[in-house]
Amino acid sequence: MDRKQVTDWVGAYERAWRTPGTEVLATIFTEEASYLQSPYWTPVVGLPAIARMWDEQRAGPDEVFRMTSEIVAVEGDTAVIRVEVRYGDPVDREYRDLWIMRFAGDGRCSSFEEWPFWPPQQHPSPSGGS
């Protein structure tokens, strides 16, 4: 992977979040991908499980948010991205996140790991986490 491919993947991820349904996930994640929402939560494994989590976690494709990202590093099949997401207009929730991603040879993500950080007044709810 190179920086352009990673940037394109992050754009595809955001478009997928904004797209109704979960069929598009197969274009960005491998069939057996793992998705770790926080370092101490149980990973979600496999495309069907990721699709269920995706539907549970998002308010819907019309959810109002602004996402910005910056590539921290790309080395071989691994990338680290710094992400900031602000929800609502006006903003009523926000968080900053580090994404660690490993990619298969076809450019789809095979391992996705988040290290999210919320402002002190907000607390995450680990739905499905342990």
Compute the helix-to-body angle for 3-17: its Cα long axis versus the longest principal axis of the chain, expressed 0 to 90° and rounded to tens. 50 degrees
What is the dipole size for the chain, taken about its Cα centre, with +1 at each Lys and Arg Cβ and -1 at each Asp and Glu Cβ, in debye to the nearest 20? 160 debye
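Under the rule of -39500 (n - 2.57) per DSSP H run of 4 or more residues, summed and divided by the residues of the chain, what mean residue ellipticity at 222 nm is obtained, to the nearest 500 deg cm²/dmol?
-6500 deg cm²/dmol
Just so you know, all these numbers are worked out from the coordinates, no wet-lab data involved. The shown structure was predicted, so the numbers you read here are calculated from the model rather than taken from an experiment. Cβ sites come from the backbone with ideal geometry, for glycine too, and all protein chains shown count toward neighbours.
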